[in-house]
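Visitor: The structure's right below; bear with me while I get my questions together.
All of the numbers you see were taken from the coordinates with simple rules; none came from a lab. Since the structure is predicted, the reported quantities are computational estimates derived from the model, not experimental observations. Note: ideal-geometry Cβ built from the backbone for every residue, glycine included; neighbour counts use all protein chains shown.
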Amino acid sequence: MGFFVLQFLCMKNSQKFVIGNWKMKITSLAQAKKLFTDTKKEAGKHRGVQTIVCPPAFYLEPLSKMVTGHRCVLGAQNIFHEEVGAFTGELSPLMLADRKIGYSIIGHSERRAMGETSEDVSKKIRMCIKNGIIPIVCVGETERKDDNSHYKVIKKQIKESFAGIPYEALGSILLAYEPVWALSSTKDRHDATPQDAEEMKLFVQKVFADMYGVKKIENLTFLYGGSVDADNVADFMKEKSVDGVLVGSASVDSKEFAQMLKVASSL
Ligand code: PGA
């Protein structure tokens, strides 16, 4: 079975996603190995949950040797939109495919803040599809005003990021709604509610339906991210209001993350 087909089947079969984005918070190989070992051990106990760990790129290769089975797999935090060439400091999708790393976060707000555009995101999504990598595409507004302008921001991000992406590809893409104002690292942050996430899910489905000229979008996997932890994960994931969560800070604390996996699998 081809790698892409296998990834796709794994995705379809699994009900819920819990994704850990370690960002640049782990700074030694020993620490990375210990955290991955603990996470993998816990993830192995939970059949209905697809756990994806996204470590700093430097640790993808050594951790790829520790992956056993499909319950806890690896993803990159970013890839480049070209496969090979004179691109100093970049990570090729071919390098991921070569190590059977099947996911990559694309368009995280921290990268967008460093200058990544939705046009770049669109090229990266295409690269992922071409190389059998499932993109975890992030969208999110930086602030919320009373005038509902955040919907416009999300619509624009989706339209530009998914320009040229065929409808059939939507089924093997994860869309993560991450309002920047709710991220744990945002100064003066405030909490997003499960209702915020659910409303955005409906809105996003409508944007995609309009974009692709279909009545209803059935095959989109919608994730929420922004200060998700063991205390609030159930609120976001209960009754499958969202299909999973993208977790930053709480993913580098093995006990906290283990608790989240337990809760997610119990829902
Ligand atoms: P957070 O980060 O859980 O620390 O808010 C989430 C993310 O940035 O993906």
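Visitor: Identify the single condition in (1) within 12 Å of the ligand (Cβ to nearest atom); (2) closer than 18 Å to GLN50 by Cα; (3) of a type in the set (S, T, N, Q); (4) without any contact (Cβ under 8 Å) to a residue 60 or more places away in the chain that ASN219 does not satisfy, given that it satisfies every other one.
Guide: Answer for ASN219: the failing condition is (1).
Visitor: Still on this structure, I have one more. Among the residues of the stretch 206-245, count how many are buried (at least 18 other Cβ atoms within 10 Å of the Cβ) and polar (S, T, N, Q).
Guide: Of the residues in the stretch 206-245, 3 are buried (at least 18 other Cβ atoms within 10 Å of the Cβ) and polar (S, T, N, Q).
Visitor: A further question follows. Determine the pairs where a residue that is over 11 Å from SER254 (Cα atoms), located within the stretch 38-51, has a partner that is buried (at least 19 other Cβ atoms within 10 Å of the Cβ) and of a type in the set (Phe, Trp, Tyr) with Cβ atoms under 7 Å apart, the partner being 6 or more residues away or on another chain.
Guide: Every condition considered, the pairs that remain are GLN50/PHE17.
Visitor: Further question on the same structure: How many of the residues in the stretch 172-189 are in contact (Cβ under 8 Å) with a residue 60 or more places away in the chain and assigned to a helix (DSSP H, G or I)?
Guide: Count: 2.
Visitor: Going by what's in this entry, would SER251 be described as buried (at least 17 other Cβ atoms within 10 Å of the Cβ), assigned to a loop (DSSP other than H, G, I, E, B), among the small types (Gly, Ala, Ser) and within 10 Å of the ligand (Cβ to nearest atom)?
Guide: no
Visitor: Sticking with this structure for a sec: Would you check if there is a residue in the stretch 194-208 being touching an Asp or Glu at 6+ places or on another chain (Cβ under 9 Å), within 10 Å of the ligand (Cβ to nearest atom) and in a helix (DSSP H, G or I)?
Guide: Looking through the stretch 194-208, none of the residues is touching an Asp or Glu at 6+ places or on another chain (Cβ under 9 Å), within 10 Å of the ligand (Cβ to nearest atom) and in a helix (DSSP H, G or I).
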